[in-house]
Amino acid sequence: MNSITSLHCRRFGTLLLLVAGLSGSLTQSALAAFFTAKRLPYIDDNQQCRGQPLPATIEHLTGEAWKLDRKGKQVALEEGMTVDEHEGVKTSPSAFVSLSLGDGSRIVLPSSSQVTLSLNEELKVAQVTLDQGQVESYVIKRASDYDRFQIVTPVGVLGVRGTHFRVRNEDNGHSLIEVLNGQVAVDRDEGDAPLKKTPGKPSAQADTDADVQVMARQGLRIQKEGTLIPTDLLPPPRLLGQAGQTGPAPAWQLIMQPVQGATRYRAQVATDTSFMNIKQEQFSSTPEINFIGLKAFYYHVRLSAFDAQGLEGETGVYDIFYYPRTTRVQ
């Protein structure tokens, strides 16, 4: 452990001792509130100082969404709010929410989605239970073999180290995963079992025959029965042009080159390159997608296509200055 890391952890250790020393003058509820608000960093198996993943912080919010407390009570979500263990987030049909975890990982919830956050105390990793809809995750790569970020779905647990991937649930009880970078281990048979450490191995989960590795640019439909076989994702659509920026109510139309094997297309518009602050998304059965109500801005546009299994393919990103003719420059 280098000197800076050691100093950082020592400072938190000193703070812990100071609080403990003052415990005689503080109430038990005040102490509980302190430790709930901020969990102290820990030393991992490689002697590195790591931040605790929870609580998560709401970084960006577009539309209406809610925070769910431990009893399921809904509170209107706001940027800057924290979401702790056994709490959740729910988005409306036109909302987008991005959360940052204390370990640097990020998750994005599109419309009509719901997740519940929990903490694997043994592995010091976040568990995100996907209750409804979809979640897109950007997980920080860890040096330790034991550290995993987990997505829990109705048909299994996804064990992750460092990667960028999407997961969503379908009404028929199946789950879909698309890995854009890195790899994800899918464990269908032990969906309700926590991961356990095994000396010299990433986890007990990795020892099971049920594990299926989904690599970068691959997707998988996770079913309760049958063989799980990852397939290659469709390539990203190519943007050919744009139209429809004139008139009293301009509809911004994006025109894509058709992708062989695609059944529908998706386009997302964000104000940042990392797509944490998504403003709109639209789907279409044709390679032409319309957006309505966007203001003049320099947008980042992300395009993708879905195959016959329902797997969303790789994404192509374009930077476009949208300027509807009705916009008046002051």
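The values are calculated or read from the model by the stated rules, or taken from the named source; none is laboratory data. These numbers were taken from a predicted model, which means no experiment stands behind them. Here the Cβ positions follow ideal geometry from the backbone for every residue, glycine too, while neighbour counts run over all protein chains shown.
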Inset, instruction - Out of VAL89, VAL75, report the one residue that is at pLDDT 85 or above, surrounded by fewer than 17 Cβ atoms within 10 Å (Cβ to Cβ) and either among the aliphatic types (A, V, I, L, M) or outside the structural domain of PHE149 (by TED's automatic domain parsing) (or both). - result: VAL75
Inset, instruction - Kindly establish whether ALA308 is modelled with pLDDT of 95 or more and out of contact with any helix residue (DSSP H, G or I) (no Cβ under 7 Å at 6 or more places or on another chain). - result: yes
Legend entry - Test: residue in region 281-296 that is over 27 Å from ARG221 (Cβ atoms), surrounded by fewer than 15 Cβ atoms within 10 Å (Cβ to Cβ) and among the aromatic types (Phe, Trp, Tyr): no
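A quick yes/no check of all residues on (1) within 21 Å of the chain's Cα centre (by Cα); (2) assigned to a strand (DSSP E or B); (3) in contact (Cβ under 8 Å) with a residue 60 or more places away in the chain:
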position	(1), (2), (3)
ILE255	no, yes, no
GLY261	no, no, no
ARG266	yes, yes, no
ALA308	no, no, no
VAL317	yes, yes, no
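Residue-by-condition table, conditions (1) in the same structural domain as HIS60 (by TED's automatic domain parsing); (2) crowded, with 18+ Cβ neighbours inside 10 Å; (3) at pLDDT 95 or above; (4) of a type outside the set (A, V, I, L, M):
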position	(1), (2), (3), (4)
LEU99	yes, yes, yes, no
VAL115	yes, yes, yes, no
LEU123	yes, yes, no, no
LEU130	yes, yes, yes, no
VAL152	yes, yes, no, no
LEU158	yes, yes, no, no
ARG166	yes, yes, yes, yes
LEU176	yes, yes, yes, no
GLU190	yes, no, no, yes
Inset, instruction - Within region 133-150, work out how many residues are modelled with pLDDT under 70 and either out of contact with any strand residue (DSSP E or B) (no Cβ under 7 Å at 6 or more places or on another chain) or over 19 Å from ASP187 (Cβ atoms) (or both). - result: 5
Legend entry - Conditions (1) modelled with pLDDT of 85 or more; (2) more than 14 Å from the chain's Cα centre (by Cα); (3) of a type in the set (Val, Ile, Thr); number of the one not met by VAL184: (2)
